[in-house]
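Reading through the C-alpha cells given below for one structure.
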Amino acid sequence: MLVGAQIFSGAGLAAGITVGALLAQEMLGSTGLAGLPSALFTIGSAAAAAGVGRLSQRFGRRIGLAAGYATGTVGSIGIVAAAVADNVPLLFIALFIYGAGTATNLQARYAGADLAHRERRARAISTVLVATTVGAVIGPNLVGTLGELADTIGVPRLAGPFLLAAVAYGAAGIVIWILLRPDPLQLAASLPEPQPAMDGDAPAPVSTWNRAVLAGTAVMIITQLVMVAIMTMTPVYMQHHHHELAAAGLVISIHVAAMFLPAPISGYLVDRYGTAVTAALAALTLIGAGVLASVAPAHSVAALAAALALLGFGWSLGLVAGTTVITTSTPVTTRAKTQGTVDLFIAVAGAVGGLLSGLIVARTSYPTLAILGAVTAATLVPILLLGRRTSPPTAGMASEAGE
C-alpha cells in the first residue's frame, strides 16, 4: 500500500519541481523571484512535516499521511485557480499549502522502516523511496501534454501539471486511508523496544536529540539545500537558452529518477558499510554534480541531464543515510514526532536554497550557483569527521568499528 501511494504522490511531487519556477516567472515577470515557488512550497512542506509527524505520533501513520496528501490536493487545486485568475496572492497561499504533499511524500519513507529489522532498515526505507520513481518520472514528461490539455479547458499551460498533482495526491491519500492497515507505527509501539546490543552493534537509543540524530539531521539539511538550489534554477536556465519546455521536463525527470530509482543502492550501502561512508559518498557526488553543472554547455541537454542525475543520486545517498540514523536512534514513543521535526528543518533548508537560488542567478549566473552548491556540499566532510568520533555504525555518523 505504501508503494502504491508513493507511485501516485511521485507524480504530484514532480509537477511543482518542473514548472513551479516557470509559472512564477511568468506571473511575476522576474527571474529573481523564480525561486519563490520552491521556497513557498518548501516552507509549507516544513510546517506540514511537523504536523504530519505529530498526527502520526498521536493517531498513527495512516491518519497522518492521509491528512498530508489531502492538504496537498487542496494546494494543487489552489495553484490552478490562481493561474486562471492571475492572482499572485492566491498563488503564494496555494504554493504554501501544496508543500504538504511534498512533506507527506518524504514522511512515508519513515513508515517503511517502522517494522524493519535494524540490519535491513535502510533497504526498507529505500523500497518506499524507489516507488516514487514511477510517478515522478512520468509526471515531468507529461508537461507538454498537460499543457495542451490545460489550453483546451481555459487554464494557463504552465498550470497544467498541477491538475495532475491534484489527482495524484488525492489518489495517494485514498490508498493510504483504505489500505494502510494495520498501522505500522502503532504496531511497532506494541512491540518491545530492542535491548542494547553487544559486540559493537548499535545500542538502544537513550535520548531523542543525541549526537547521532543531530549529525544525521545535518547531513540531510545540507543535502536538501544543495539539491533544491541547483534543481530549482535549471529549468529557468534552460528556458533562457531557448530550450523547449519538454527538454526541461526531460532533464527534471532524469533528475527525479536519480533521486529515487537508485535508492536500493543507497540502502544497501548504508546497511553494508554504514551511514558515515554513505554520507561521504553523498558529499562527493554532490560536489561532482555542482562542478559538472557549472561547466556544462548551456546548449547541451545531455550535459545538464548528467549533472542533475548526479545531483539526484547524491541526494538519495544523503537522505537514506540520514533517515536511517534518525529512525535507529530514536525510541518509538517519540519517533514520529522527532522525524517530523527533523523534516521541518530539512524543508526550511530547501526553502532557503530555493529562495536564494533565484537571487544568486539573477545577480551572478547559474554556473556560479552550481559552484556554490559544490562548496556547500563540501561542508559535510567536517560533520562526518566529528561524527566518526562519537557514534556507532548504524546509529549515527559513526565510527565504523562501533567504538
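The values are calculated or read from the model by the stated rules, or taken from the named source; none is laboratory data. Quantities reported herein were computed from a predicted structural model and do not represent experimental measurements. Ideal geometry is used to build each Cβ from the backbone, glycine not excepted, and the neighbour counts take in all protein chains shown.
For this structure, a couple of remarks:
- Among residues of region 193-232 being among the hydroxyl-bearing types (Ser, Thr, Tyr) and not in a helix (DSSP H, G or I), the one that is modelled with the lowest pLDDT is 207.
- Residue within region 5-22 that is touching a helix residue (DSSP H, G or I) at 6+ places or on another chain (Cβ under 9 Å), of a type in the set (S, T, N, Q), farther than 21 Å from residue 78 by Cβ and at pLDDT 70 or above present: yes
- When the helices (runs of 4 or more DSSP H) confined to region 80-181 are screened for residues that are buried (at least 17 other Cβ atoms within 10 Å of the Cβ), touching a helix residue (DSSP H, G or I) at 6+ places or on another chain (Cβ under 6 Å) and of a type in the set (Ser, Thr, Tyr), those reaching at least 2 such residues are found at 88-113, 121-141.
- From the options 136, 83, residue that is touching a Pro at 6+ places or on another chain (Cβ under 8 Å) and either at pLDDT 90 or above or closer than 23 Å to residue 22 by Cβ (or both): 83
- Filter result (over 18 Å from the mean Cα position of the chain (by Cα) and more than 15 Å from residue 172 (Cβ to Cβ)) within region 43-76: 54, 55, 56, 57, 58, 59, 60
- Just one of (1) more than 21 Å from residue 220 (Cβ to Cβ); (2) touching a residue at least 12 places away in the same chain (Cβ under 8 Å) fails for residue 300. It is (2).
- Residue in region 233-241 that is surrounded by fewer than 21 Cβ atoms within 10 Å (Cβ to Cβ), in contact with a helix residue (DSSP H, G or I) (Cβ under 6 Å, 6 or more places away or on another chain) and part of a helix (DSSP H, G or I) present: no
- Some residue of region 174-192 being of a type in the set (Lys, Arg) and modelled with pLDDT of 85 or more: yes
- Among (1) in contact with a Lys or Arg (Cβ under 7 Å, 6 or more places away or on another chain); (2) modelled with pLDDT under 90, the one test that residue 348 misses: (1)
- Enumeration of residues in region 229-263 that are among the small types (Gly, Ala, Ser) and closer than 21 Å to residue 371 by Cβ: 229, 258
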